[in-house]
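Trainee: First the structure, which I've put down as structure tokens, then a few questions once you've had a look.
Throughout, read-outs are computed from the coordinates displayed, never taken from laboratory work. Keep in mind that what you see is a predicted model, and the values were worked out from it rather than measured. Counting neighbours? That spans all protein chains shown, and the Cβs are built from the backbone with ideal geometry, glycine included.
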Amino acid sequence: MTRSSSILWILAVLIPIIGIIHLFSGVSDIDWNTFVKSLVNFDQTETAEVIIREIRLPRVITAIVAGASLSLAGLLMQTLFQNPLAGPYVLGINSGASLFVAITTLTGVTFFTTQYGLAINALLGAFVFGVLILFFSRFARNHITLLLTGVMIGSFTSAFIAILQQMSHMQDLKRFTLWGLGSLQKVQLNETPLLIATVLLGTILSLLMTRSLNILVLGAEEAEQHGIRVRRLKYQMIGITALLTGIVTAFCGPIAFVGLAVPNIVRILLKTQEHKKLIIGSILGGALFLLVSDLFIIKIEKLVLIPINAITSIVGAPIVVFILFRKLK
Amino acid sequence: MIRIEHSTIGYSTPLLRIGQLNLEKGNLYVLLGKNGAGKSTFLKTLRGTVRAIDGTLSIDGKNINSIALQDRAKLVSFVSSRPSYTEYMTVEEFVGLGRTPYLNLFAQQKESDQKAIDESIAACGIEKIRSKAIDSVSDGERQLAAVAKALAHDTPYILLDEPTAYLDYSNKRKLMELLITLAQEKNKCILATSHDVELVLKSNCSLLVIEEKEQLLHQVSNTIGLDELIEKVF
């Protein structure tokens, strides 16, 4: 077995192990029998079973799916812009989702009014801002210019969100502020299939682009020379990124640095540019990263309560600085 | 055969004119011209990224601009003067990217792909560095790897934009000899641009020049003297 496939297998095995440890961690002790019973023969009057089904299981699934989605989105952005520091968060794609969620939550104006209205608005926002950064990327002559453009889009959007917050009602404001902290705990069990379907769709569509992504690493001109329709490819990549980022952001709020840090760690570990491996590695790595981060939160929640976004930033920001010093000399 | 008739090349303003020019398989053509004379633009026109202002340009009898992107990718390959590369990629993987037009969506390589890669690496004499990282080899080795990539790309026509520009003299000679061998032995039509007059005169290739004053691109005999050639081009 090659080095890279052993690493992928290790990641794949660690996810269910950490997942199970996560399920059995928390304030109340739950034994194996109660766990199995809650799944096969659920009794609504048993508190322990309710905790499993309504709190722990959705939280574990959300951590896995959100981590995988954001990490895959980050990988796509890095390949699209040939920039190791690209990611949905730094490039302002999260901001797009946030802005549209803010408009919906704070003003009540919505572009869609279904059960998943919020999710669809976030997705739309992510896509609009994705196309925006794709447009700006034409004028950005180097890596740093593009990243600063993304950061500026973020600041610009934050200002609008702040104005919306000033004008909104107390109740809406509280709801939006809580969402803005980022959390893996607000997803209901019956909402998890949508999240799972999103990450599966994103993964399949990304894997179908493997050939194009492998050559795009050498630049748009090289890709075109080898028969790839680069313009179409870029929009497809933005579309998938928006789908992944939009859905996760709608349900969990903005979560920083997963998309930026994980694909870089995966690339360093696997030492490859082969996207079949990078896609699978990013999905597994992202899932594991968020799962471990969330497990850490549970383990210390008796001492102090930390939002998920704080953990991912504490781990992610130094990684970004490390990459900055290493690559952009 | 690449066939060009009464064509004007350039963006909005004409850069150069071509009366009649046939580029045939089995030959290495070297295009000499001053910087800014339109060498790169001419290559871009042949690659289909820039449209000729007027005239007809055809490859194997088909008008260049009517060839679909995927089909063109199987006809013409290109090596730039500074090939782009990245980290975490071996020389072999880099050469393997030349197979892109022949792979399925998941980029799975078949036996025939591996064979083409091995042959290209052997033809360019870079077996020793095949497992090295592409970002760790010298400029000369990387240029050879880029030629190997174009060979693995397996097109009848190979275009190279100033392939010797950033190489030292011994690597320049080596690359020119390699290109001649490839053209003859693999029956390819190879067109390289250069402004290295002395180097080009020493090698056994067909000469194309862009004459400054008339902005005219045409073929000259390779028995032409150095002084006369310099007079024409510069």
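Trainee: When DSSP beta bridges are limited to those with both residues in chain B, what percentage is antiparallel, rounded to the nearest 5? Let's see the in-between values first.
Mentor: Values: 21 of 40 bridges.
So the antiparallel bridges amount to about 50 percent of the total.
Trainee: So how do A:88-95, B:180-187 stack up, highest first, on mean other-Cβ count within 10 Å?
Mentor: Working: A:88-95: 30.8, B:180-187: 15.8.
Packing proxy ranking, top to bottom: A:88-95, B:180-187.
Trainee: Which links in B:LYS149/B:LYS188; A:LYS277/B:LYS115; B:LYS39/B:LYS213; B:LYS25/B:LYS110 stretch past 21 Å when you go from one Cα to the other? Display every interim value, and only then the final one.
Mentor: Values: B:LYS149/B:LYS188 15 Å; A:LYS277/B:LYS115 23 Å; B:LYS39/B:LYS213 15 Å; B:LYS25/B:LYS110 28 Å.
The answer is A:LYS277/B:LYS115; B:LYS25/B:LYS110.
Trainee: Among A:LEU76, A:LEU23, A:SER293, whose Cα lies farthest out toward the positive end of the dipole of segment A:3-327, if unit charges sit on the beta carbon of Lys, Arg (+1) and Asp, Glu (-1)?
Mentor: The residue sitting most towards the positive pole is A:LEU76.
Trainee: Checking a compactness column here: for segment A:3-327, what do you get for Rg(Cα) / (2.2 N^0.38 Å), N being the number of residues? Display every interim value, and only then the final one.
Mentor: Numbers: Rg = 19.7 Å, N = 325, 2.2 N^0.38 = 19.8 Å.
Cα-based Rg divided by the globular estimate yields 1.00.
Trainee: Under the definition of partner shielding as Cβ atoms of other protein chains within 10 Å of a residue Cβ, what is the mean value for peptide B:65-78?
Mentor: Details: counts 0, 0, 0, 1, 7, 4, 1, 3, 6, 2, 0, 1, 2, 5.
Mean shielding by partner chains, rounded to a whole number: 2.
Trainee: Another question, then. What does the structure give for A:300-309 when I average, per residue, the other chain Cβ atoms found within 10 Å of the residue Cβ? Mind showing how you got there, number by number?
Mentor: Details: counts 0, 0, 0, 0, 0, 0, 0, 0, 0, 0.
Counting other chains' Cβ atoms within 10 Å and averaging over A:300-309 gives 0.
Trainee: Moving to a separate point now. For chain A, build the charge dipole from Cβ charges (+1 Lys, Arg; -1 Asp, Glu) around the Cα centre, then report which of A:SER6, A:ILE247, A:THR145 sits farthest towards its positive end.
Mentor: A:THR145
Trainee: Using a cut-off of 13 Å between beta-carbons, work out the net charge of the residues near A:SER168 (Lys and Arg +1, Asp and Glu -1, A:SER168 not included).
Mentor: Numbers: positive: A:LYS174, A:ARG175; negative: A:ASP172.
Counting the neighbours of A:SER168, the net charge comes to +1.
Trainee: Just for the protein assembly as shown, what percent of DSSP beta bridges are antiparallel, to the closest 5? It would help to have the intermediate numbers written out before the result.
Mentor: Details: 21 of 40 bridges.
In the protein assembly as shown, approximately 50 percent of DSSP beta bridges are antiparallel ones.
Trainee: Could you grab the relative contact order for segment A:165-255? Cα pairs under 8 Å, six or more apart, rounded to a whole percent.
Mentor: Details: 44 pairs, mean separation 44.6, N = 91.
Relative contact order, segment A:165-255: 49 percent.
Trainee: So, one more: What number, in percent, do you get for the relative contact order of segment B:1-145 if the mean sequence gap of Cα pairs under 8 Å and at least 6 apart is divided by its residue count? Could you put the intermediate results ahead of the total?
Mentor: Details: 174 pairs, mean separation 31.1, N = 145.
Relative contact order comes out at 21 percent.
Trainee: So if I place +1 on the C-beta of Lys and Arg and -1 on the C-beta of Asp and Glu, and nothing else carries charge, what would the dipole magnitude of chain A be about its Cα centre? I want it in debye, nearest 20.
Mentor: Computed about the Cα centre, the dipole is about 1100 debye.
Trainee: Expected output is a single nm value to one decimal: the length gained when fully extending between A:THR34 and A:ALA220, i.e. 0.36 nm times separation in residues minus the C-alpha distance. What is it?
Mentor: Values: separation 186, 0.36 × 186 = 66.96 nm, distance 5.51 nm.
Full extension from A:THR34 to A:ALA220 adds 61.5 nm.
Trainee: What net charge is computed for the residues neighbouring A:ARG3, neighbours being all others with C-beta under 12 Å from the C-beta of A:ARG3, Lys and Arg scored +1, Asp and Glu -1?
Mentor: Numbers: positive: A:LYS271, A:LYS277; negative: none.
Taking every Cβ under 12 Å from that of A:ARG3, the sum is +2.
Trainee: Here's something else I'd like to know. Excluding B:ALA133 itself, what net charge comes from residues whose Cβ is under 9 Å from its Cβ, given Lys and Arg +1 and Asp and Glu -1? Please list the in-between numbers first.
Mentor: Details: positive: A:LYS271, B:LYS132; negative: B:GLU87, B:ASP135.
Net charge in that neighbourhood comes out at 0.
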